[in-house]
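Take a look at the structure below.
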There are 2 protein chains.
Amino acid sequence: MEAATKAAMPAVSFDTSPDRYRHWKLTFDGPIATLSMDVQEDAGLSPDYKLKLNSYDLGVDVELADAIQRLRFEHPEVHAVVITSMKERIFCAGANIFMLRGSTHAWKVNFCKFTNETRLAIEDASENSGIKFLAALNGICAGGGYELALACDEIILVDDGNSAVSLPETPLLGVLPGTGGLTRVVDKRKVRRDLADFFGTVAEGVKGKRAVDWRLVDAVYPTSQFKQRVATRAQELAAKSDRPKAGPGIALTPLKPKVTDTSLTYSAVSVEIDRDKRFATLTVSGPEGEQPSTAGEIQALGDQFWALRAFRELDDVLLRLRVAEPLIGTIVVKTRGDQHAMLKMDEMLLANQDHWLVREIIHFMKRTLKRMDLTSRSFFALIEPGSCFAGSLFELALAADRSYMLDDPEADSTLALSAMNGGPLKMSNGLTRLQTRFLAEPERIEQALERGEPFNPEDALEAGLVSFATRSGWPSRAAPRCHPTPSPAWRPISASPARKRWKPRSSGGSPRGRTGSSSDPMRSGKRVP
Amino acid sequence: MEAATKAAMPAVSFDTSPDRYRHWKLTFDGPIATLSMDVQEDAGLSPDYKLKLNSYDLGVDVELADAIQRLRFEHPEVHAVVITSMKERIFCAGANIFMLRGSTHAWKVNFCKFTNETRLAIEDASENSGIKFLAALNGICAGGGYELALACDEIILVDDGNSAVSLPETPLLGVLPGTGGLTRVVDKRKVRRDLADFFGTVAEGVKGKRAVDWRLVDAVYPTSQFKQRVATRAQELAAKSDRPKAGPGIALTPLKPKVTDTSLTYSAVSVEIDRDKRFATLTVSGPEGEQPSTAGEIQALGDQFWALRAFRELDDVLLRLRVAEPLIGTIVVKTRGDQHAMLKMDEMLLANQDHWLVREIIHFMKRTLKRMDLTSRSFFALIEPGSCFAGSLFELALAADRSYMLDDPEADSTLALSAMNGGPLKMSNGLTRLQTRFLAEPERIEQALERGEPFNPEDALEAGLVSFATRSGWPSRAAPRCHPTPSPAWRPISASPARKRWKPRSSGGSPRGRTGSSSDPMRSGKRVP
């Protein structure tokens, strides 16, 4: 059982907490938190490289992501965060190039995706949560280090004649910065493109007054003034926050799913994996039993409140599938539960959305759904009798690449919308999933939102809310035509015994099924009687 | 000399005309032109593949691009274009996969770039030139064939029980459609993403009523009605045009540059190539002598009118550099001529911009500058005494990745703006180059445009119009830090003797110069006395 327990677990755990951080130190001083980077060279995920000069691998970024998340939920009294380094004359050298050199393409993609999501989480906290971020660059800041600084609201660089910001990827490695550096330089900080072009080709970067003139940083101060100026500016940023003056927050406790070789089972989420078919089934259960009706009751429940608990579990399962199960091409998304309870939950969340904690929960649901949007697997939602695709959980069907609604004359499936489908859970494109779906027919959005009752398969198909309605069994007939070219070169970056079980299997059904062949029984546009 | 003449020429010639087309037939019937695809299997650019089933290679698309261009300049009486096939039951099978399989990455990139630019030229003609395009799909339309149809304003598909539109790249080849198919399906035609996802995974595509219901095509008609319906719809589209009722247009005659092993010399454009340094110098000369002052005079000059002639030459040189000189990393852009004459030219163009021909010329200048924006080389503009970076030609400096202005106390350089910098020559992002440059300081745009006199180096630097002002010689000191990792695997797709001279040379100076090293003499932000 112990071996089986480990088998489906990623060697990278996304479960951490400040007392277990190896690379960051999180300290507090009233409304200001300080996140100090102090990467332990020998504590990388693999022994194949050393994390010198505050360079990072995924393990370092998992701690950073955890810290950002905890600041939002556990520390409502924090109004500004200073990100700095505990090393002398070096802020961060960026992603570790030896780690990158030894990684597969798939690993690098997931690494860059996660690190960019962490930086987006910083920007999301600034935009939506009243937490401002100040990058205090006390030394050289290169590549991914500068990309981290770019995610902050402001950047202060020490002016010591040596410390510079740089994106040396192109001149040194012949690659482009992989975590949003180019776009944040020109689109977020609005650096002139010709200057950005020059900046991106000089390995040593830009420092001092030129860095300010070119908008690469917001200010430079000599070493003698640096700490005081950072402290002052952090206080100014904190003063603008609309967060509570004091705590308490709520504790984010470890998730602890039950793990077998082929499944992960949380309280409201589970996933079953069929590696031979390169197929997984993800199930999310709606709220059960009595639910809170006020923000105070939610706060008392803390991380056991369904909305937070279920979406934390969903977030965790998505991350695990990305890194630990690269050959799972298709993920069937199911839900179950009481649609009415789910709609009541949404109503209650929206009624309390001005409370800091409820605001955090809704934005976290939004970020988790974005993580699903940007997970490069084929998600097929299966809407069947007993499923709970209602309101916020219906976003799972909208986030899926396509949806199949089972039209069983003996036990009809239904789905339902709530006001949560109308705004709070926007995608990365700034639109809701309904807006994105109905670009050509925006009038359908209001029609669907105003219906006020569940949709049966015929109505859902007519309203454009599902891709297909089908009477045939699923997934046996409509199964995985997906990812016809998985990376056969997938190789985890370290070769711990636990990992061997995830290597590609030579066995296995064809990755192509019958979905969409001209003879398949699915249909759309009208309901077959 | 004959060998030398061939050496710098691409095996792919961009010079063609309807009487020389091998793959397309261009016919006219009043305001309707018909472009019929009839690809000759054995007339590909390489003997290594056969262009079966109206599949295409770059040579086929060069003819298409030529036809679109000639319709705009030579046929103002054409108000709508039907794009169809002369083959039975097949419209177009898309890009030839054997050609793609045998091509280098660099070739594929240039191939997809050119074919997409051709499709963008179709959309530009529709949006700006009063020519509507109707794809008349008389048979199977797959991959690049459907991407061509997507570039048209409307798509009519024959409903014969067999003919379908499809993007089979993913299910058959495991790649994504490379010429805008995905974006045009979801963003231009606003096909629902879930349906697009399904569509993009079924090799056989979608046909008949479902193709209409899903917005993949605009209409389907049975074979018996197809031709008549297409003709009727083409007449309806033509009726909306604001183009002249009748000709004449102007003839686009062959460019015929003087060619040596290391240079191409046209009337107003020349390029000198230094392959050892992976470096080229591109020079554009402004208008000389008396220029027309009315649209009638421009029309009398035809393709010898400076603005059309110079930009046709520039367009040709960019295309040749892309395909024939893949190892040239840096292109220094120079101009020469009379800035005052250039500003008068711009004034005259804008005064006559409502005339169909002047409109065409301005949009062609815009498209050529976009082609430069999207040519993946490092363009460095060098502004020196005697240069002609004024108005439309100053766009070359803005299109360059960066610009250096020589600040010689004995003969100062100048540059100047015109109203052409304020709107007509927009980039692919829908903004002018000045708007793109000054995202952070939009007030600078009006300030610069309203100045009314030339900028010397100090003023130009202060106004943010050049990247650097320098007294040092150039390019000797500021030269090519560029493309540190050229593709050593470049291989032309055919191996004609003429091509051997373009193979990578093992000789050669380091690709890295001293640009941007901390000790370099360039400066910005202020002028060194």
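If you take the residues in the stretch A:31-56 that are at pLDDT 95 or above and of a type in the set (S, T, N, Q), which one is farthest from the chain's Cα centre (by Cα)?
The extreme case among them is A:GLN40.
Which condition does B:PRO254 not pass, out of (1) surrounded by fewer than 21 Cβ atoms within 10 Å (Cβ to Cβ); (2) modelled with pLDDT under 95; (3) closer than 26 Å to B:ASP19 by Cβ, if it passes all the others?
Result: B:PRO254 passes all but (2).
Which of the residues that make up the stretch A:126-152 are surrounded by fewer than 22 Cβ atoms within 10 Å (Cβ to Cβ) and without any contact (Cβ under 8 Å) to a residue 60 or more places away in the chain?
A:SER126, A:GLU127
Cβ-Cβ under 6 Å, sequence separation 6+ or interchain: first residue in the stretch A:409-438 and at pLDDT 95 or above, partner part of a strand (DSSP E or B). Which pairs?
Cβ pairs passing all conditions: A:LEU415/A:ILE383; A:LEU415/A:PHE455; A:ALA416/A:ALA390.
A quick yes/no check of all residues on (1) in contact (Cβ under 8 Å) with a residue 40 or more places away in the chain; (2) closer than 24 Å to A:ILE383 by Cα; (3) surrounded by fewer than 22 Cβ atoms within 10 Å (Cβ to Cβ):
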| position | (1), (2), (3) |
| --- | --- |
| A:ALA310 | yes, yes, no |
| A:LEU321 | yes, yes, yes |
| A:ALA351 | no, no, yes |
| A:LEU357 | yes, no, yes |
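Looking only at the stretch B:153-169, how many residues end up being closer than 23 Å to B:SER241 by Cα and crowded, with 23+ Cβ neighbours inside 10 Å? Spell out the reasoning first.
Keep residues of the stretch B:153-169 that are closer than 23 Å to B:SER241 by Cα, which gives B:153-156.
Now restrict to residues that are crowded, with 23+ Cβ neighbours inside 10 Å: B:155-156.
The qualifying residues number 2.
Return yes or no: is B:ILE156 under 23 Å from the mean Cα position of the chain (by Cα) and of a type in the set (Val, Ile, Thr)?
Numbers: under 23 Å from the mean Cα position of the chain (by Cα): no; of a type in the set (Val, Ile, Thr): yes.
Judged against the criteria, B:ILE156 is not a match.
Which residues, counting only those in the stretch B:283-294, are in contact (Cβ under 8 Å) with a residue 40 or more places away in the chain and not in a strand (DSSP E or B)?
B:GLY286, B:PRO287, B:GLU288, B:GLN291, B:PRO292, B:SER293, B:THR294, listed by residue number.
Just name the residue that is surrounded by the fewest Cβ atoms within 10 Å (Cβ to Cβ) out of those in the stretch A:263-277 that are among the hydroxyl-bearing types (Ser, Thr, Tyr) and in a loop (DSSP other than H, G, I, E, B).
Taking the stretch A:263-277 and keeping what is among the hydroxyl-bearing types (Ser, Thr, Tyr), we get A:263, A:265-267, A:270.
Then keep just the ones that are in a loop (DSSP other than H, G, I, E, B); that gives A:266-267.
Details: A:TYR266: 20, A:SER267: 17.
Ranking the qualifying residues of the stretch A:263-277, first place goes to A:SER267.
Can you go through A:ILE298, A:ILE250 and tell me which one is among the β-branched types (Val, Ile, Thr) and either within 30 Å of A:LYS190 (Cβ to Cβ) or in a helix (DSSP H, G or I) (or both)?
Details: A:ILE250 fails: either within 30 Å of A:LYS190 (Cβ to Cβ) or in a helix (DSSP H, G or I) (or both).
One residue alone meets the criteria, A:ILE298.
Which of (1) surrounded by fewer than 22 Cβ atoms within 10 Å (Cβ to Cβ); (2) in contact (Cβ under 8 Å) with a residue 12 or more places away in the chain is the odd one out, the single condition A:THR27 does not satisfy?
Every listed condition holds for A:THR27 apart from (2).
Would you point out which residue out of B:ARG192, B:ARG184 is under 30 Å from A:ALA381 (Cα atoms), free of Cβ contacts under 8 Å to residues at least 24 places away in the same chain and in contact with a helix residue (DSSP H, G or I) (Cβ under 8 Å, 6 or more places away or on another chain)?
Values: B:ARG184 fails: free of Cβ contacts under 8 Å to residues at least 24 places away in the same chain.
Answer to the check: B:ARG192.
Residues checked against (1) touching a residue at least 60 places away in the same chain (Cβ under 8 Å); (2) basic (Lys, Arg); (3) crowded, with 16+ Cβ neighbours inside 10 Å; (4) over 28 Å from B:ASP373 (Cβ atoms):
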| position | (1), (2), (3), (4) |
| --- | --- |
| B:VAL220 | yes, no, yes, yes |
| B:ALA238 | yes, no, yes, yes |
| B:ILE250 | yes, no, yes, no |
| B:LYS258 | no, yes, no, no |
| B:ASP261 | yes, no, no, yes |
| B:ILE298 | yes, no, yes, no |
| B:VAL333 | yes, no, yes, no |
| B:ASP338 | no, no, yes, no |
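Kindly provide the set of residues from the stretch B:373-425 that are more than 18 Å from B:PHE468 (Cα to Cα), acidic (Asp, Glu) and within 14 Å of chain A (Cβ to nearest Cβ), ordered by number.
Matches in the stretch B:373-425: B:ASP373 only.
Here is a check on your reading of the model: is A:ALA280 of a type outside the set (Asp, Glu), over 21 Å from the mean Cα position of the chain (by Cα) and either assigned to a strand (DSSP E or B) or within 14 Å of chain B (Cβ to nearest Cβ) (or both)?
Details: of a type outside the set (Asp, Glu): yes; over 21 Å from the mean Cα position of the chain (by Cα): no; either assigned to a strand (DSSP E or B) or within 14 Å of chain B (Cβ to nearest Cβ) (or both): yes.
Spelling it out, it is not the case that A:ALA280 is of a type outside the set (Asp, Glu), over 21 Å from the mean Cα position of the chain (by Cα) and either assigned to a strand (DSSP E or B) or within 14 Å of chain B (Cβ to nearest Cβ) (or both).
Among the residues of the stretch A:437-461, which ones are surrounded by 15 or more Cβ atoms within 10 Å (Cβ to Cβ) and within 12 Å of chain B (Cβ to nearest Cβ)?
Answer for the stretch A:437-461, where residues must be surrounded by 15 or more Cβ atoms within 10 Å (Cβ to Cβ) and within 12 Å of chain B (Cβ to nearest Cβ): A:ARG437, A:PHE438, A:LEU439, A:ARG444, A:LEU461.
Taking the stretch A:18-53, which residues are aliphatic (A, V, I, L, M) and outside any strand (DSSP E or B)?
Across the stretch A:18-53, the qualifying residues are A:VAL39, A:ALA43, A:LEU45, A:LEU51, A:LEU53.
The values are calculated or read from the model by the stated rules, or taken from the named source; none is laboratory data. It should be emphasised that the depicted structure is a prediction, and the values quoted were computed from it without experimental measurement. Every residue, glycine among them, receives a Cβ derived from its backbone with ideal geometry; neighbour counts consider all protein chains shown.
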